[in-house]
Amino acid sequence: MAAVQDGPMELDAEKEAKPEILSDGTSNLSGNTASGTLSSSPLTAAPAGGAPKMEDQQTLIAVLQFLKRNKLSESVEILRREAGLGEHQEGSQATDGSGGGKGDGDGGDANSLLSRVSITSAAAPQSMPVKKDQPDVSVVLSAYSQQGDPPLYQVYYSGLKNFIESVLDCHRAELSQLFYPLFVHMYLELVYNNHETEAKAFFDKFSGDQECYYQDDLHILCGLTKKEHLKGNEVLLDFRTSRFVLHISRDSYQLLKRHLQERHNNQIWNIIQEHLYIDIFDGMPRSKSQIDSMSGSLAGEAKREVNKAKVFYGLLKEPEIEVPLDDEDDEAENEEGKPKKKKTKKDSLGSKSKKQDPNAPQQNRIPLPELKDSDKLDKIMYMKESTKRIRLGPENLPSICFYTFLNAFQGLTAVDFTDDSSLLAGGFADSTVRVWSVTPKKLRKVKSAGELNVIEKESDDVLERIMDEKTASESKILHGHSGPVYGVSFSPDRNYLLSSSEDGTVRLWSLQTFTCLVGYKGHNYPVWDTHFSPFGYYFVSGGHDRVARLWATDHYQPLRIFAGHLADVTCTRFHPNSNYVATGSTDRTVRLWDVLNANCVRILTGHKGPIHSLAFSPNGKFLASGSTDGRVLLWDIGHGLMIGELKGHTDTIYALKFSRDGEILASGSMDNTVRLWDSMKAFDEVETDDFTATTGHIHLPDNSQELLLGMYHSKSTPVTHLHFTRRNLLLAAGAYNSQ
Amino acid sequence: MASPKTVPKDAQVMMQILKDMGITEYDPRVINQMLEFTYRYVTTIIEDAKIYSTHAKKSNVDADDIRLAIQCRVDQSFTSPPPRDFLLDIARQKNQTPLPLIKPYTGPRLPPDRYCLTAPNYRLKFLQKKVSSSVGRITVPRLSVGAVSSRPSTPTLGTPSVQTVGTKVGTPVSLTGQRFTVQIPSSQTLTVRSKAPTPTTPTVQNVLINPSLMGSKNILITTNMVSQNSSSDSTSLKRKHEDEDDYDAL
């Protein structure tokens, strides 16, 4: 045992000498790094390898052959003695090690090894069927040759390109998915191994072939020509280490495999095995449009099993509240006017609640704050208002009231409304947060302590008396951040305001005193968005450090860290039942996280640009996301599938909101328009369709035009935020852009 | 944008770089800012490299010095976010602990005081008072407690001697985080001002209030004079009469 274990050490020493003998300076680096990988795990590319001992033996054999070939007999002796191998063992081990069905003897092994490892010879390696599930000596040593043959990368790539262009149409679309990840990985490998000129030539030749939606990435790659450039770029490092996921049908995959093994293109095969994850499905190959709709993200698509976890997308039960029936609404009107999302009961009647919705989480799945008296009063107000709610639909579009920020030279970067639309907060690039009162009622802060002392505490209107009338004003300015404020969020009880900024902190402000209460430090990099939970107490923030964090207002450290995105987290939203958090990121995926254990339960790909807006439908079943590519994508959370695509906007969509009953989706974008879409229709069509739930490949109807209910231009004001009041009036906010 | 002919060569290079990176729309001042940054960065690196090369007793600055200079600066100014495996690791640790239960009926839920920004971050050196012009005003003995608790709702202070005050956070003036000022007007009429160096009347009582709310810091009650109309001068009420030597340093 000991002998075998010592073997690899000796091997490493030998191996480090070998590349020098082969007299190629550039491969020195590769030799060293490769020996590192050898000592850790020789077969990075062969997942279902044999026992590690077997692999070590094989490596030993291979080295012995090599030494013999080069007539280094003394080294051969030493190695043989140290490794405890006998003459006979080599032969048997070789045949054992070469796995089944190959029938190559030692000579064949050595030949293939030699040809692979020698860098000067441009001869293609001999036929050595490299099966994915068989450990192979050649595969072991191919680690060394991965970085070799820089000029041949172009040859390999064009070879693959020619092959793919020659296959049947139905397979071509699927196999074309390979181009982009292969291109990037080959380029990065060339850069990583300091072959700058070859990398540039490779890039110039093949970058034009890539899909148009990868152009932004290619711009970034274009500027990366040296290994040092890679060092600080976490996104690309993550790309290199994570596996790009592709969905390919079994037929296409067989074609590809056969070709690569025929052509002895082990280079490409190696890259495929190491950097790509090919999710094979049985069925019809997908069409180009299907593939295009799902691809675009930095990590490819999502593996199918990732999107299979159960998600409790139902809403939590509404608590029982006695509504005083002292106003003019009849009960009949109440029943009719109730919004659809209240699946449970009519509070005024006090009837029994329905059974637990199987799709809804348990009430106590995550701890939620209790309902205070003020919250109960709020709920009663809410229900009263909801009776007066306008029912929207294609025939009955909402009125839109646009709040334009004039002379916002400070640079408006974030806006939020309270749920009852009484307050409006704006975050600015000059690091202030300003709060306005939307109603005629002015903003008042609580009196100072001395004044509070003299008021009558037992009077009925004590809550009015504690407010300071003298400093009442339309708006208040909150100073505290030291960088532009990129996200603002009101708490549901209107007591607090959160703001997240480029200085890396999230600040909690009191709306009673208009001062800052807490600064939550955790992200050390700009925090792009923050959002309060619909029940208060929890909030989520996402930033440049590629994670989203879940906080509670009374903990100075985050409770959960949602790590997994490959690039900045630009948008964070809570699900209406507060059990899940959706995050959109610059890596062009949307992920859904479970608050309970921070597992990523859904990965949704399909956007072609960073995602800047997310909206959950009020019934919790659907999610809408908008990005810089101008498309709004609709997702079914339960199945994890894309169910709709709304095209029409020409610029980044920064605002998305569903109406209170979920019938209309409003989207606002930088192209100065607000568009209204018929979400009812979009979701209805889905429910009658037959999901291909196993493969997750759905054919999207191109019905954006039918779903578009209205498009409204503003006069050169990009739309930053949208909000439906409780009565379904649409409020929009943006800063007037005079250019 | 200025026409390329009148634009200096460096700026033309910068415009070309922006174009290559795919940035087509930008303010004209962006070029100036980028040039400034480039100049500053390059000169910093070259200066550092010069220092390293003289330290290594080389006559010229060579590529290794530059490389070293860049590396040192990168770790200092252009930090990048932590790598993915590190993030996954700390995420795994953080996510194992279950979500903490929420105690009901605890008022506003905020972290412990030392993690909040609710404490005033200054204290005044002395309490200034001046005789007010309206001597004839009747002063009403009044107990004003300026307490800084981090709870915007109305907590009781837990001591019978001090009246409950609905203290809201954000009484920003002159109170240290754990001190109360109780100003009991004495027979004189005095207006408290911040500038005059005269000390107040000698009736200063230091009373230790139950420190349970405020941790282990001492809570001082000083009696002081306050006139009726000083409420308009909101700063004066909360002024603490303090002889520095008597009290613990904060």
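Every read-out reported here was derived from the displayed coordinates using simple, explicitly stated rules and does not represent laboratory data. Since we're looking at a predicted model, the values are computed, not measured. FYI the Cβ positions are ideal-geometry reconstructions off the backbone, even for glycines, and counts take in every protein chain you see.
Listing for the model above:
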quantity: Exposure proxy ranking, count of Cβ atoms within 10 Å, fewest first, for A:V527, A:V454, A:V601; calculated: A:V454, A:V601, A:V527
quantity: Sorted by Cβ density within 10 Å, fewest first, the residues A:W269, A:W436, A:W509; calculated: A:W436, A:W269, A:W509
quantity: Relative contact order of the range B:9-98, pairs being alpha-carbon contacts under 8 Å that are 6 or more residues apart, as %; calculated: 19 percent
quantity: Residue mean of other protein chain beta carbons inside 10 Å, B:78-86; calculated: 6
quantity: Inter-site label distance for A:D702 and A:D357 at 7 Å from Cα along Cβ, in nm; calculated: 3.6 nm
quantity: Bins of 10 Å, starting at 0 and running to the largest distance - Cα pair percent for the range A:149-308; calculated: 10, 40, 37, 12, 1
quantity: R0 of 30 Å, Cβ-Cβ distance A:T650-B:D10: FRET efficiency to nearest 0.05; calculated: 0.30
quantity: Amide H within-cut-off set for A:I643, under 5 Å, with H built and near neighbours excluded; calculated: A:L634, A:W635, A:D636
quantity: Ranked packing of B:55-68, A:627-640, most packed first, by mean Cβ within 10 Å; calculated: A:627-640, B:55-68
quantity: Average beta-carbon neighbours from other chains, 10 Å sphere, peptide B:105-111; calculated: 6
quantity: Virtual spin-label span in nm between A:L168 and A:K308, 7 Å along Cα→Cβ; calculated: 2.8 nm
quantity: In Hz, Karplus ³J(HN,Hα) per residue of the range B:59-71 (6.51, -1.76, 1.60; θ = phi - 60°; x = Gly, Pro); calculated: 7, 10, 7, 10, 4, 5, 4, 4, 4, 5, 4, 4, 5
quantity: Charge dipole (debye, nearest 20) of the range B:9-98; +1 at Cβ of Lys and Arg, -1 at Cβ of Asp and Glu; calculated: 160 debye
quantity: Distance from the range A:194-246 to the range A:585-652 (C-alpha centre basis), Å; calculated: 26 Å
quantity: Extension gain, A:K205 back to A:N233 (0.36 nm per residue minus Cα-Cα distance, nm); calculated: 7.7 nm
quantity: Protection proxy ranking of B:89-102, B:19-32 - average other beta-carbon atoms within 10 Å, highest first; calculated: B:89-102, B:19-32
quantity: Amide H contacts of A:A655 (H built 1.01 Å from N, under 5 Å, at least 5 apart or other chain); calculated: A:G668
quantity: Estimated dipole of the range A:476-603 in Debye, rounded to 20 [Cβ of Lys and Arg +1, of Asp and Glu -1, Cα centre]; calculated: 140 debye
quantity: Amide H partners (placed H, <5 Å) of A:G543, local residues excluded; calculated: A:W528, A:V569
quantity: Ordering of A:560-573, A:706-719 by burial proxy (mean other Cβ atoms within 10 Å per residue, highest first); calculated: A:560-573, A:706-719
quantity: Estimated FRET transfer efficiency when R0 is 22 angstrom, pair A:N396-A:E685 (beta carbons, to 0.05); calculated: 0.60
quantity: In sequence order, calculated HN-Hα J values of the range A:202-207 (Karplus, 6.51, -1.76, 1.60; Hz; x Gly/Pro); calculated: 4, 5, 4, 6, 10, 6
quantity: Normalised alpha carbon radius of gyration of the range B:9-98 [divisor 2.2 N^0.38 Å]; calculated: 1.62
quantity: Spin-label model distance (nm) - A:E320 vs A:S482, 7 Å beyond Cα toward Cβ; calculated: 5.4 nm
quantity: Residues A:K71 and B:D62, FRET efficiency given R0 of 35 Å [Cβ-Cβ distance, rounded to 0.05]; calculated: 0.25
quantity: For the range A:490-500, Karplus couplings with θ = phi - 60° (6.51, -1.76, 1.60), whole Hz, Gly/Pro x; calculated: 7, 7, x, 8, 6, 8, 10, 9, 10, 9, 10
